[in-house]
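Read through the structure below, which is laid out as structure tokens, and then see the notes.
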Amino acid sequence: MKLTSHFKNKIIFLIFFIAFVSCTKNDKNKASLPEQSINKEEKKEENQKNLIKEKELQPIPSKKEETSTINTSLDSESVPSIPAYIKAENQSSIGFSTSGSITHIYFRSGEEVKQGQILASMEDNQASIDVKTAKIDVSLKKLALDQQEKNTQRMEKQFKSGIVNLATYEKEKNLLESKNLEYQSAQANLAGKEFILKSTKILAPYNGVITKVEKSVGDYVATGTSVFQITQNKNFKLYAQIPITYFNQLKIGMKLEVRNPNTGNKGEAIIKRVVPVVDSVSKTFDIYADVTSFNDKLAPGIFLEIKLKTK
């Protein structure tokens, strides 16, 4: 019994010893885990830093200039369309050359007029009276001048005959000159009154179309106030502002392709005028061309596109 008890005690001791040793190893393993993970993170950070340094040390490649350039030759298919529009050779805002109230307007927007036709008129009673008065004054001054001419001629004969002296004859001559100046003054006054009377009417400056009526009967207008807008209905020009790129390329006589973006129809235009001045703000210059072939009806203000390409 004693041996058995002693043997059991040894076995129990061995079991406790083995258990203790195993626990100690586990504790050591657990304690070493954080160190291993820390070492791995440090190595990772160090590798990243090395990569960054390598990149910094590498020479930065220079940006290569683009080899493709926009072909701006007139025969290039890459040339863009340039906006243009039809412009009348003459387009004007017109009004009275004097102030007053409008009494008649004879034409409306869209109506055609001929050069010299009266488009509108204003109150002219006083102007008419002034013209009549000026004409009477001219007639009176002419009679006085004619009478003085006769007197001077008679005095000249008497002077040559010795009837009157030189002083009397010179006096009549001076009086004749005075009457002549008075007559010229009366004529100038009449011309001024007639101009005022004429200014009470607006005349069409050329054949065209009334595009806008800006005033109504009864309106009081000052000198130069616009009453009508008139556009000449012939000699249309294609007008465009061309980029400075083509300043040395476009010449008079060159042909341009014309296209209506609304209908898609195409035509042809020939450059008639190149303005040799470049706008410093828009970096463009103006050209004018005649549209020689186009199916669409053209009118001032119609928008078109041109392609800077010779045929």
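The values are calculated or read from the model by the stated rules, or taken from the named source; none is laboratory data. All of these numbers come straight from a predicted model, not from anything done at the bench. Using ideal geometry, Cβ is built from the backbone for each residue, glycine included, and neighbour counts are taken over all protein chains shown.
List of remarks:
- Take the conditions (1) over 59 Å from the mean Cα position of the chain (by Cα); (2) part of a helix (DSSP H, G or I); residue 163 misses just one of them, which is (2).
- With respect to the conditions (1) in a strand (DSSP E or B); (2) of a type outside the set (S, T, N, Q); (3) surrounded by fewer than 17 Cβ atoms within 10 Å (Cβ to Cβ), residue 224 lacks only one, and its number is (1).
- Some residue of the range 125-140 being hydrophobic (A, V, I, L, M, F, W, C) and more than 52 Å from the chain's Cα centre (by Cα): yes
- Tally of residues being within 17 Å of residue 126 (Cα to Cα) and part of a helix (DSSP H, G or I) across the range 174-212: 11
- Among the residues making up the range 136-151, those that are of a type outside the set (D, E, K, R) and more than 10 Å from residue 179 (Cα to Cα) are 136, 138, 139, 140, 151.
- Total residues in the range 260-311, condition of a type in the set (Gly, Ala, Ser) and part of a loop (DSSP other than H, G, I, E, B): 5
- Residue pairs whose Cβ atoms lie under 7 Å apart, sitting 6 or more positions apart in sequence or on different chains, and linking a residue in the range 126-151 that is touching a residue at least 24 places away in the same chain (Cβ under 8 Å) to a partner that is surrounded by 18 or more Cβ atoms within 10 Å (Cβ to Cβ) and among the hydroxyl-bearing types (Ser, Thr, Tyr), are 127/200; 141/183; 142/183; 145/183.
- Leading residue by the ranking (modelled with the lowest pLDDT) among those in the range 190-212 that are small (Gly, Ala, Ser) and under 29 Å from the mean Cα position of the chain (by Cα): 208
- Any chance residue 209 is aliphatic (A, V, I, L, M) and under 30 Å from residue 268 (Cβ atoms): yes
- Residues (under 14 Å from the mean Cα position of the chain (by Cα) and surrounded by fewer than 14 Cβ atoms within 10 Å (Cβ to Cβ)) located in the range 276-296: 279, 280, 281, 282, 283
- For the range 122-154, the candidate set comprises residues that are farther than 15 Å from residue 184 by Cα and hydrophobic (A, V, I, L, M, F, W, C); within that set, the residue that is surrounded by the fewest Cβ atoms within 10 Å (Cβ to Cβ) is 129.
- Lone qualifier among 251, 215, 157, 234 - being at pLDDT below 95 and either surrounded by 12 or more Cβ atoms within 10 Å (Cβ to Cβ) or not in a loop (DSSP other than H, G, I, E, B) (or both): 157
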